[in-house]
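Scroll down for the structure; my scribbles are underneath it.
Laboratory data are not the source of any read-out in this text; all were calculated from the coordinates shown. As the structure is a prediction and not an experimental result, all values here were calculated from the model. In this analysis, Cβ positions are derived from the backbone assuming ideal geometry, glycine residues included, and neighbour counts consider all displayed protein chains.
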Amino acid sequence: MATAPRVGTGSSRLEATSHESFLRHARFRWLKISTIACLVMVIGYFAADVQPRPNGGSWYGYTLGTIGALLIVWLSLLGIRKRAITPGKWSLKAWTSAHVYLGLALIVIATLHTGFQLGWNVHTLAYALMMLVIASGVFGIVVYSSLPSALSNNREEMTQGQMVEAIQALDRQLHDAAQPLDRAHADLVLSALGEDLFAHGLWRRLSGNYPDCATQAAIDGLAGSGASDSAVGKVEQLLVRRRSQLERLRRHMRLRALLEVWLYVHVPATVALLAALFAHILSVFYYW
């Protein structure tokens, strides 16, 4: 009796791989490689025949320094690598996984390279910049691991453009509903309608705090006026709906800003690190 062929095994494996996080890539392959490499270097540090202990000027220090410098240069190439999408062992996901775990391994490599001897010099500057780059990278990992789901939940299947369109639709209703109002109340509504949704800077978006919100000011002004006619009540209801839509859009912009802001530290710090690393290497060869 013929055996039925197994259908879908390859496709299901491919689908599972495509949904795999870069942190878990290939069953934590690069985490294992980095951990083993760090253990070997720590053992080598204590086993090296250098008195009183290995430092940046010893043969072991030079070895670790060379490894660390080459690793820093390779890690900085991720931005270029992102422009080439390729499958296989060196896919972008594999490269990113290696970038993360080998970047963390730099903490051990560079610290052992210094021999725990730090001072006010270009060498320590390079070390400090490296730690800043790694710290900002860790922040980026945490952000990308936690915020996308919050961003998706906040959007409720709406794009940013659709959120803006929903507010603009409410604005048209508010403009018409505000026609019967007196001048003082109409000015409050016009102030809310004239507010630029994207005028606030990065820090305001990150904080999510808008104390000068014109929409909230209009709601407070209408509620505190004591007017009870139907026109004022309708406008107030529309303003409350507008505030709700604004809050969703602002949460969206805040989450997007959190996803991007770490790059404002990570990328410039990486450039500064490469410059400091060059100065560090140049000074070492000059005084060698």
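Sort out the exposed loop trypsin sites (Lys or Arg not before Pro) in the chain (DSSP loop, at most 11 other Cβ within 10 Å) and tell me the longest stretch that has none. Intermediate values should be presented prior to the final figure.
On the way: sites that count: 6, 82, 83, 89.
Longest run free of exposed loop sites: 90-288.
Using alpha carbons only, how many degrees (0 to 90, rounded to 10) separate the axis of helix 92-114 from the longest principal axis of the chain? Relative to the chain, helix 92-114 is tipped by roughly 60 degrees.
Once the Cα-Cα distance is subtracted from the 0.36 nm per residue extended length, the residue 284 to residue 66 segment shows a gain of 77.3 nm.
For residue 121 and residue 259, FRET efficiency with R0 = 30 Å and r from the beta-carbon atoms, rounded to 0.05?
Working: r = 36 Å, r/R0 = 1.21.
The calculated FRET efficiency here is 0.25.
Modelled this way, with points 7 Å down the Cα-to-C-beta line, the labels at residue 275 and residue 149 are 4.1 nm from one another. Computed from phi, the 3J(HN,Hα) profile of the stretch 115-122 under the Karplus parametrisation 6.51, -1.76, 1.60 (θ = phi - 60°) reads x, 6, 10, 10, x, 8, 8, 5 Hz, with x in place of Gly and Pro.
Put in line by how crowded their Cβ is, counting other Cβ atoms within 10 Å and starting with the fewest, 109, 281, 43 read 43, 281, 109.
If I take R0 = 22 Å and measure r between the Cβ atoms of residue 202 and residue 107 in this structure, what FRET efficiency does the formula 1/(1 + (r/R0)^6) give, to the nearest 0.05?
Numbers: r = 29 Å, r/R0 = 1.32.
About 0.15, to the nearest 0.05.
For q values of 0.14, 0.17 Å⁻¹, compute log₁₀ I(q)/I(0) with the Debye formula on a Cα-only model of the chain, without solvent. Debye curve over Cα of the chain, log10 I(q)/I(0) at q = 0.14, 0.17 Å⁻¹: -1.03, -1.30. Value of Rg to Rh for the stretch 108-183, rounded to two decimals, is 1.46; Kirkwood radius and Rg both from alpha-carbon coordinates. Computed as a quarter of the hull surface, the mean projected area of the alpha carbon convex hull for the stretch 160-261 stands at 6.2 nm². For the modelled label position 7 Å from the Cα of residue 169 along Cα-to-Cβ, which residues of the stretch 238-278 have backbone nitrogen atoms closer than 18 Å? From the stretch 238-278, the list is 238-250. For the stretch 160-261, the relative contact order comes to 42 percent (Cα pairs under 8 Å, sequence separation of at least 6).
Can you run the Rg to Rh ratio on the stretch 51-202? Use alpha carbon positions and the Kirkwood inverse-distance Rh.
Details: Rg = 26.6 Å, Rh = 20.7 Å.
Over the Cα atoms of the stretch 51-202, Rg/Rh equals 1.28.
As a rough footprinting exposure proxy, the listed residues 95, 74, 203 were ranked by other beta carbons within 10 Å of their own, and the order from fewest upward is 203, 74, 95.
Our estimate of slack between residue 47 and residue 240, defined as 0.36 nm per intervening residue step minus the Cα-Cα distance, is 62.5 nm.
Spatial offset of the stretch 115-156 relative to the stretch 162-206 amounts to 38 Å, using the alpha carbon center of each.
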